[in-house]
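A short write-up of the structure that comes next.
Laboratory data are not the source of any read-out in this text; all were calculated from the coordinates shown. Keep in mind the model is a prediction, meaning the values are calculated, not measured. Cβ placement follows ideal geometry from the backbone for every residue including glycine, while neighbour counts extend to all protein chains displayed.
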Amino acid sequence: MEEFLRYLTTGISLGLIYGLVALGFVLVYKSSRILNFAVGEFMLIGAYVAWTFRVLLHWPIPACFVMAIIAAIIMGWTIERVAIRPLIGQPILGVIMMTLALMVIIRGVVLLAWGAIGKAYNPPLFPGTAIHLGDIVIRQEYVWGLVVVVIMFIIFTYFFRFSRAGLAMRATSEDHQLARGTGIRVKTVFSQSWIICAIVASIAGVILASSQGVDIRLANVGLVAVAVVLVGGLESVPGAIVAGLIIGVAEQMAKGYIDPWVGGGMETVFAFGIAIISLLIWPYGLFGLRRIERI
């Protein structure tokens, strides 16, 4: 029972991080109908920037997060303005190829700037001592990561419901032409969505890297986020959160109970197996919008 609860709590923390990354993916798709496959590389940049200021420059933890966010804002704005905006109105395949090219370019920049050898946060971002809840032992990195992710979700919920920019993004996601008709600058909304995507991915990258170390393989979490989006629905923010929790918990349960029987590796493929099954049963995702077109 103790093992089950440990896998459950770890899966919830990891699932919320997946949901946070998937949230950025959904925002970009809702506002501009672009599938951003470079979201994992955004995580890399945030993790390495925070590592640089924490380990090399010995800055305090809040300042490291601030610098990672600043780097994310610059990266998101630059990519949208230079690489994505000229492709607006072009065939969707060209835009998808651009995001795939961004994956390769950002990985190359990371390898040139920080090298291919994995790095650890030393001193760590979060306390290393474990928390004991009865017989359950939980690493503090997961607890603090859970706190940060919940705070981020609260902030973005308030942003989308009550702020002028958030309401403009919601209107743009419904209909671009109608949004223009009401005076909303749609291109500005596109830029904001990419910036937010970069911010949430960078913060998620910092949280994951604090417990797993900074490595080029961290970007693979972005592919897991794609599976999360497919399960939850391409246009659903609640779906990203719920699907992130489902996949996070399922991965940890597979790691704990199935890996010993098959020799390992189930954690890596489990998310995509769930995505395939979900697509066969719910093609639009658990919370996706069903579109009916007349022919």
FRET efficiency estimate (nearest 0.05) - Cβ-Cβ, residue 73 to residue 130, R0 30 angstrom | 0.30
Could you check which residue among 89, 145, 233 shows the biggest mean-square fluctuation in a GNM of the chain with a 10 Å Cα cutoff?
-> 89
GNM on the chain, Cα springs under 10 Å; top mean-square fluctuation among 102, 93, 223 goes to 93
Angle between the chain longest axis and helix 266-281 axis [Cα atoms, degrees, rounded to 10] = 40 degrees
In whole Hz, with x marking every Gly and Pro, tabulate ³J(HN,Hα) for segment 81-98 from phi via Karplus 6.51 cos²θ - 1.76 cosθ + 1.60, θ = phi - 60°.
-> 6, 8, 9, 9, 4, x, 9, 4, x, 8, x, 4, 4, x, 5, 4, 5, 5
Under 30 Å from the Cα of residue 255 - lysines, other chains or at least 8 residues apart = 119
Could you give the nm distance between label points at residue 120 and residue 167, where each point is 7 Å from its Cα heading toward the beta carbon?
-> 5.0 nm
Rounded to whole angstrom, the alpha-carbon centroid of segment 1-44 lies from that of segment 181-227 at a distance of 9 Å
By count of other Cβ within 10 Å, fewest leading, how are 97, 67 ordered?
-> 97, 67
Relative to the longest principal axis of the chain, what angle (0 to 90°, nearest 10) does the C-alpha long axis of helix 237-253 take?
-> 30 degrees
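Compute the length gained on full extension between residue 111 and residue 81: take 0.36 nm times their separation in residues and subtract their Cα-Cα distance, giving the result in nm to one decimal. Mind showing how you got there, number by number?
Working: separation 30, 0.36 × 30 = 10.80 nm, distance 2.41 nm.
Length gained between residue 111 and residue 81: 8.4 nm.
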Which angle between 0 and 90 degrees, to the nearest 10, do you get for helix 39-51 versus the longest principal axis of the chain when only C-alpha atoms count?
-> 50 degrees
Report the label-to-label distance for residue 104 and residue 151 in nanometres (one decimal), using points 7 Å from each Cα along the Cα→Cβ vector.
-> 3.9 nm
dims of segment 2-281, Cα set, principal axes, largest to smallest, nearest Å -> 60, 49, 35
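With r defined as the distance between the Cβ atoms of residue 223 and residue 56 and R0 fixed at 25 Å, what FRET efficiency is calculated, to the nearest 0.05?
Numbers: r = 29 Å, r/R0 = 1.16.
Rounded to the nearest 0.05, the efficiency is 0.30.
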Okay, helix-only estimate at 222 nm for the chain: each DSSP H run of n ≥ 4 adds -39500 (n - 2.57), divide by all residues, round to 500 deg cm²/dmol; what do you get?
-> -23000 deg cm²/dmol
So what are the ³J(HN,Hα) numbers for segment 180-190, from phi and the Karplus equation (6.51, -1.76, 1.60; θ = phi - 60°), rounded to whole Hz, Gly and Pro as x?
-> 4, x, 8, x, 7, 7, 5, 5, 5, 5, 4
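Which FRET efficiency, nearest 0.05, do residue 90 and residue 282 yield, Cβ-Cβ r, R0 41 Å? Don't skip to the end; give the middle numbers.
Values: r = 30 Å, r/R0 = 0.74.
E between residue 90 and residue 282, to the nearest 0.05, is 0.85.
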Taking a label point 7 Å from the Cα of residue 269 along Cα-to-Cβ, the residues of segment 216-254 whose backbone nitrogen sits under 11 Å from it are none
